[in-house]
1. Trypsin sites (Lys or Arg not before Pro), restricted to segment 87-166: which are DSSP loop and have at most 12 other Cβ atoms within 10 Å?
2. Assigning unit charges at the beta carbon (Lys, Arg +1; Asp, Glu -1) and nothing else, what dipole magnitude in debye, to the nearest 20, does segment 110-166 show about its Cα centre?
3. Among the lysines, select those whose C-alpha is under 23 Å from the C-alpha of K44, and discard any that sit fewer than 8 residues away in the same chain.
4. Looking at segment 104-166, which GluC sites (Glu not before Pro) are DSSP coil and have at most 14 other C-beta atoms within 10 Å of their C-beta?
5. Once fully extended, how much extra length lies between M129 and H87, figured as 0.36 nm per residue of separation less the alpha-carbon to alpha-carbon distance?
6. Around L158, which amide H atoms from residues at least 5 apart in sequence, or from another chain, sit under 5 Å from its own amide H, with H modelled in the peptide plane?
7. Considering amide H positions built from the backbone, and no H for Pro or chain starts, which residues 5 or more places from A138, or on another chain, come under 5 Å of its amide H?
8. What distance in nm separates the simple spin-label points at T96 and T157, each placed 7 Å from Cα in the Cβ direction?
Amino acid sequence: MPNNTQPAPSAITFEEVRELVQLINKSDITELTYERGETRVHIKRGSAEPTPVLIQNTLPNMAVMPQAVAEAATGAGAASEPVISGHVITSPMVGTFYASPSPKDAPFVNEGDSVKVGDHVCIVEAMKMMNSIESDVAGRVVKILVKNGEPVEFGQTLMIIEPSNG
């Protein structure tokens, strides 16, 4: 008689979600749904607004949302600061923001600095890999929204650049 008992599938880990996001960023895939056991992850990219990654388990009270989504839902972080417009540089992955190549070095950019297309503006470290983030527009850095060493989420705005006219 065959043995039909298989171990229950384990839940999807945060590291696995991080790897899925990195794989999507390195490919032309725009949407992915991954299921294991009772856990399902749906990741979508390519829209004008960053789409949050929602990990939801069918067990009660087991939803996990990125900090930015949680703040939007609760109204936290909605201070009375003026809205700054311009081109946004966003984090392509979940990781840690670094403003300089090493603690002893000067930051890649400061507010008010001019940047060209391809200039390195920061590093996002993910899974012990340093990922250099480059400016995709020429202009002036208006605002840096993340502090050195601070954790960042996929799609989180890192800085705002006022594009140059020319």
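No value in this document is a laboratory result; all are computed from the given coordinates. Note that the structure is a prediction, hence the values are computed from the model and not measured. Reconstructed Cβ throughout: ideal geometry from the backbone, glycine too, with neighbour counts over all protein chains shown.
1. Hits after loop and neighbour filter: K104, K116, K128, K147.
2. Taking the Cα centre of segment 110-166 as origin, the dipole is about 40 debye.
3. Reachable lysines: K26.
4. E111
5. 12.5 nm is the gain from fully extending M129 to H87.
6. Answer set, sorted by chain and number: I89, T90, S91.
7. Placed amide hydrogens put V117, S164 under 5 Å from A138.
8. Once both label points are built, they end up 2.6 nm from each other.
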